[in-house]
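Derivation of every value follows stated rules applied to the coordinates shown; laboratory data play no part. Just so we're clear, the structure is a prediction, and the values are computed from it rather than from any experiment. Glycine also receives a Cβ, built like all others from the backbone with ideal geometry; neighbour counts cover every protein chain displayed.
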Amino acid sequence: MSSGLISATSPLCDATPLCIAKAGELLRDGQLVAFPTETVYGLGANALDDKAVAAIYATKRRPDFNPLIVHVSGMAEAENYVRFHDAARLLARAFWPGPLTLVLPRLPDCSLSLLVSAGMDTVAVRAPAHPVARALLASAAVPIAAPSANRSGNISPTSAEAVAEELGGDVAMILNGGPCSVGLESTIVGFDGELPVLLRAGAVTRAEVESLVGTLAAAYGGIQAPGMLASHYAPRAQLRLNATDIRSGEALLAFGTEIEGATQSCNLSASGDLREAAANLFAMLRHLDKTGVATIAVMKVPEYGLGEAINDRLRRAAAPRPSRA
Ligand code: TXA
Ligand code: MG
């Protein structure tokens, strides 16, 4: 990890109390600050400030129909902006602070920028657990709109260095809180009335959510996360999923006992631990992509528990994508 402010021109700053206080000021002042959460790094802006939120879209080069998650300290703060019903309350009590996002109706007098909802009448809210994120929320004293701190369509960053690679000098500050412990984005649950709908598989498993609110419906029709583009989380290299062999020139992303023969390889978890695999997924994809290989062969990851979210990201990373410059 770096020590303090790296240089006068680098926005990277270790998450000391001084830097967190400065970051809070920058946010209140309408500037962008990237910060660690337990899932992935976020690109934060004051969620009450239209211009600041617009700067997120510009910096991410994100299609403007894609709404943003608003980070809050907890349910009491969220209740200033959105309406909770019993099922939502149950989930927030169980998983907040933590890697669960709830999509809930905006209150009529909601003061959040309309841009965070991108034309919808709902807001995605989450109380992060990472101590730096929580300290930043306290220091900024405003709700923080934050998507993952990557350019739209790229792999989510799980370290401050990865954020710097993605966004460089386009942010006022990157708070360095070390690698993200979970490494996979939050689970997103929306509601059709009170019926819970899984909008994005993520760090809280389906089974954990279903144990509290019953079977989750699949996203459909108007009840979906617009950001779940088929091609997303995409490295430059092609991905070949469920590989059982290595072909010429391929790098290997292994899970469990490795297939022999790759010149470059990373193992998500040699012992087959899905939690470890989730934490390693984006950093390893990023690393293998940087070697310049044309294809990354990915071994099969089981579909249960966190495997559902890991496979969702891998399928999106492997999907045909619009050509990128
Ligand atoms: O773990 C996470 O959730 C990270 C950290 C930074 O909190 N954030 C994150 O944000 O992954 P982002 O913007 O990369 O993904 C947010 C997803 C998008 O797919 C978006 O379409 C969906 O949430 N979303 C946001 N607001 C929504 C809403 N009102 N209704 C439905 N989907 C929404
Ligand atoms: Mg994202």
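Rounded to two decimals, what is the ratio between the C-alpha radius of gyration of the stretch 167-207 and 2.2 N^0.38 Å?
1.73
Amide H to amide H under 5 Å from residue 149: which residues, 5+ apart in sequence or cross-chain, H placed 1.01 Å off N in plane?
Residues meeting the criterion, in which the H sits 1.01 Å from N, are 41, 42, 43.
Return the inverse of the average 1/r over all pairs of distinct C-alpha atoms in the stretch 239-283, which is the Kirkwood hydrodynamic radius, in Å to one decimal. Intermediate values should be presented prior to the final figure.
On the way: mean 1/r = 0.0919 Å⁻¹.
In the stretch 239-283 this quantity evaluates to 10.9 Å.
Quantify how much of the Cα-Cα distance distribution of the stretch 58-158 extends past 18 Å, in percent.
Considering the stretch 58-158, 48 percent of its Cα-Cα pairs are separated by more than 18 Å.
Along the stretch 96-109, what does the Karplus equation 6.51 cos²θ - 1.76 cosθ + 1.60 (θ = phi - 60°) give for ³J(HN,Hα), rounded to whole Hz, x for Gly and Pro?
Values per residue, Gly and Pro as x: 9, x, x, x, 10, 10, 10, 9, 9, x, 5, 6, x, 9 Hz.
Let me know the volume per residue of the alpha-carbon convex hull for the chain, in Å³.
130 Å³
Any idea what the relative contact order of the chain is, in percent, if you count C-alpha pairs under 8 Å spaced at least 6 apart?
19 percent
How large is ³J(HN,Hα), in whole Hz, for each residue of the stretch 257-269 in order, when computed from phi with the Karplus curve 6.51 cos²θ - 1.76 cosθ + 1.60 and θ = phi - 60°, using x for Gly and Pro?
5, 6, 6, 7, x, 7, 6, 10, 8, 10, 10, 4, 6
In debye to the nearest 20, how big a dipole does the stretch 44-116 give about its Cα centre with +1 on each Lys and Arg Cβ and -1 on each Asp and Glu Cβ?
260 debye
Check which residues have an amide H placed less than 5 Å from residue 47's amide H, if you skip close sequence neighbours.
HN-HN under 5 Å from residue 47: 144, 145.
Which trypsin sites (Lys or Arg not before Pro) in the stretch 30-90 sit in a loop by DSSP (not H, G, I, E or B) and have at most 16 other Cβ atoms within 10 Å of their own Cβ?
61, 83
Give, rounded to the nearest 20 debye, the magnitude of the charge dipole that the chain has about its Cα centre when Lys and Arg contribute +1 at Cβ and Asp and Glu contribute -1 at Cβ.
Roughly 560 debye for the chain.
Rounded if a/c is under 1.5, else prolate if a/b beats b/c, else oblate: with a ≥ b ≥ c from the C-alpha gyration tensor eigenvalues square-rooted, which is the stretch 14-63?
Oblate, because a/c is 1.5 or more while a/b does not exceed b/c.
I'd like to compare 211-223, 35-47: which one has the highest average count of other Cβ atoms within 10 Å, and what's the full order after that? Don't skip to the answer; put the middle values down first.
Working: 211-223: 12.3, 35-47: 29.1.
The densest-packed peptide leads the list: 35-47, 211-223.
Can you work out D for the stretch 250-325 in µm² s⁻¹ from Stokes-Einstein, where Rh is the Kirkwood radius over C-alpha pairs, the temperature is 10 °C and the viscosity is 1.306 mPa s?
The estimated diffusion coefficient comes to 124 µm²/s.
Just name one of 16, 66, 46: the one whose Cα is farthest towards the positive end of the charge dipole of the stretch 1-133 (beta-carbon charges, Lys/Arg +1, Asp/Glu -1).
Highest projection toward the positive end goes to 66.
Quickly rank 266-274, 295-303 as a protection proxy: mean count of other C-beta atoms within 10 Å, highest first.
295-303, 266-274
Sequence-distant or interchain residues sharing an amide H contact under 5 Å with residue 176, placed H: which?
Here the answer is 13, 14, 15, since their amide H atoms fall under 5 Å of that of residue 176.
Compute the signed sum of charges (Lys and Arg +1, Asp and Glu -1) over the other residues within less than 10 Å, Cβ to Cβ, of residue 49.
Details: positive: 28, 51; negative: 29, 50.
Cβ neighbours under 10 Å give a net charge of 0.
Using DSSP, restrict attention to beta bridges with both residues in the chain and report what percent are antiparallel, rounded to the nearest 5.
Details: 20 of 42 bridges.
Antiparallel bridges make up about 50 percent of those DSSP assigns within the chain.
With +1 on each Lys and Arg Cβ and -1 on each Asp and Glu Cβ, and nothing else charged, work out how big the dipole of the stretch 87-193 is about its Cα centre, in Debye to the nearest 20.
400 debye
Just going by the charge dipole of the chain, with Lys and Arg at +1 and Asp and Glu at -1 on Cβ, which of 317, 237, 105 is farthest out on the positive end?
Towards the positive end, the residue furthest out is 237.
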